[in-house]
Amino acid sequence: MKTKTLYTVMLAFLLFTCLSQHIQLVKADNSWIWVKNTVTGAWGEAVVGTGDAVYIARKNSFYRYRPSDNSWTALADPPNPDAGDAFKTGTALTWDFGNYIYALYGAATADSRRWFYRYSISSGSWGALTNTTADQGEGDTITWVSTDNCLYATIGGEQRPTHFMRYDPSTDSWSDTPADPPEGMGDGAALVWTGEDFLYALRGEYDELSPLYDFWRYSLIDNVWTAMANISATPHSGGGGGVGDGGSLLYVGFWLSEYTDYVYALSGNQAHPDNIPDNRTYRYTTSTNSWERLADMPFGVGYYVGCRLGYADGHIYAWQGTPSTWEHGGDDLIKYELPTDSTPPTIEIPSRTPSGDVYPDHPVTVSVNVLDAESGVKNVTLSYTINDGATWEDSPMNPNASTSLYEATIPGQNADTWVRFKIVAYDNAENNATRDGTEPYCVYQVIPEFNMPTLLLLVFAIATIA
């Protein structure tokens with residue numbers, strides 16, 4: 001009996017431990033958390049985040065999810081300029097970091113559609129804009145670029161040529177001047193601006209018969225496309241791999257400065273038409289041109305074309321957007337807990353120039369290596385005191401463009417002055433570290449500097465005395 005009781009207690013303890021570990025895994029950083037049931041997918045769908053909300057286009061409807069009150073709201077329906085559904089395959093959304101969300105309407109295989117509209121967040125209404133100058137399709141993508149306050153878009157798809165175009169809201173006009181992408185784009189195509197010069201793009205599946213992993217970068221300055229490292233969407237679960245329906249890209253660096261080096265991605269349904277979805281999440285690092293896998297989503301995306309990712313309230317949101325027959329019902333909204341960058345910067349031992357004696361009125365340059373592998377160094381400050389810490393003078397340390405070396409200069413001081421300095425560094429996650437100035441190498445005294453006549457008189461006086 002005692003043995004049986006002990007066995008039961010041990011089993012209960014192990015079960016509790018497993019459950020506890022599971023709960024901790026679900027709630028930990030770097031994981032997906034279920035938010036709520038919303039609506040299932042449709043042939044025309046797309047997602048965009050505005051920092052405080054996520055907007056979803058679906059067929060003949062337009063919705064907003066607001067994290068602040070966990071609300072799901074149906075907004076004004078999109079205008080329907082012709083028969084059939086308003087939004088179709090290739091629907092794409094982008095936000096201008098202000099009042100407007102722009103929408104490419106997409107097109108079915110046999111359609112010739114060029115509809116382009118924008119939604120006013122403040123008035124809750126839609127307005128028609130100049131149509132695109134080429135037929136839209138599965139390869140439609142769009143993104144806002146603040147450097148010229150214009151939109152850039154790929155227009156086309158598998159049954160029609162793919163064009164790369166620029167739209168200027170100030171003149172309500174399209175330009176086909178930008179260089180077209182290297183190849184045609186299709187289901188799962190996505191486009192994102194990462195600030196300053198570069199846009200990144202997933203090509204998608206162009207012929208639906210073979211897996212494609214193409215990932216490109218476009219330079220706004222040079223007007224050139226460059227092939228980057230392929231997305232690592234390898235085959236799994238009996239599928240063929242590659243990018244397909246539901247392929248998505250998202251850049252969160254505009255809101256979170258510690259994530260400026262990353263692009264988040266979904267590859268979508270595996271390229272072969274076998275309806276085996278990909279629930280994997282990927283992250284691309286721009287500085288190293290490399291991909292990595294993050295936590296898997298609890299469901300797969302695919303079947304319908306359209307971006308599933310949006311940013312709001314410190315999280316990445318993903319909408320399933322699939323048929324109701326799919327696992328999880330096709331209507332789940334989840335959010336991704338971004339890891340917290342908790343390690344402070346590393347401040348190595350500083351050096352100074354001159355390294356030996358310091359004479360009156362001679363400036364001293366302080367140099368130090370500061371490292372932060374997680375979120376990157378935000379700023380480094382040199383502080384110095386000449387009155388034993390009663391007051392401090394701050395000077396920003398300037399980084400070397402190609403190394404981790406930071407430098408600042410302490411002005412020259414009077415003879416016999418004791419100088420003490422300290423170094424404070426912050427990373428992009430607001431973690432900080434300090435060299436507090438108590439180390440011997442952070443303290444020096446300004447010594448008198450004898451000129452040659454004075455030195456000769458001193459030597460003569462000493463000789464005379466001797």
Exercise. Mind checking whether some residue in the range 347-354 is closer than 27 Å to Tyr262 by Cα and touching a Ser or Thr at 6+ places or on another chain (Cβ under 6 Å)?
Worked result: no
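Per-residue answers, yes or no, for (1) closer than 30 Å to Lys335 by Cα; (2) of a type in the set (Asp, Glu):
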site	(1), (2)
Arg64	yes, no
Ser71	yes, no
Gly84	no, no
Thr91	yes, no
Ala103	yes, no
Ala108	no, no
Trp126	yes, no
Trp144	yes, no
Glu158	no, yes
Problem set entry | Complete set of residues in the range 168-186 that are within 18 Å of Val224 (Cα to Cα) and in contact with a strand residue (DSSP E or B) (Cβ under 7 Å, 6 or more places away or on another chain) | Ser175, Asp176, Thr177, Pro178, Ala179, Asp180, Pro181, Pro182, Gly184, Met185
Seminar exercise, completed: Condition set part of a loop (DSSP other than H, G, I, E, B) and among the aliphatic types (A, V, I, L, M), scope the range 61-96, selection nearest to Gly49 (Cα to Cα): answer is Leu75
Seminar exercise, completed: In the range 288-302, anything part of a loop (DSSP other than H, G, I, E, B) and on the phi < 0 side of the Ramachandran plot is listed as Thr288, Leu294, Ala295, Asp296, Met297, Pro298, Phe299, Gly300
For this session: From Arg217, Arg203, grab the single residue that is among the charged types (D, E, K, R), at pLDDT 95 or above and surrounded by 20 or more Cβ atoms within 10 Å (Cβ to Cβ).
Result: Arg203
Exercise. If a residue has to be part of a strand (DSSP E or B), more than 19 Å from the chain's Cα centre (by Cα) and surrounded by 20 or more Cβ atoms within 10 Å (Cβ to Cβ) to count, how many in the range 166-199 make the cut?
Worked result: 3
For this session: Scan Tyr317, Tyr304 and give me the residue that is touching a Ser or Thr at 6+ places or on another chain (Cβ under 8 Å), surrounded by 15 or more Cβ atoms within 10 Å (Cβ to Cβ) and either at pLDDT 90 or above or outside the structural domain of Tyr441 (by TED's automatic domain parsing) (or both).
Result: Tyr304
Exercise. Quick one: would you say Thr109 is part of a loop (DSSP other than H, G, I, E, B), of a type in the set (Ser, Thr, Tyr) and buried (at least 19 other Cβ atoms within 10 Å of the Cβ)?
Worked result: no
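The values are calculated or read from the model by the stated rules, or taken from the named source; none is laboratory data. These figures come from a predicted structure and were not determined experimentally. Cβ atoms come from the backbone with ideal geometry, glycine included; neighbour counts cover every protein chain shown.
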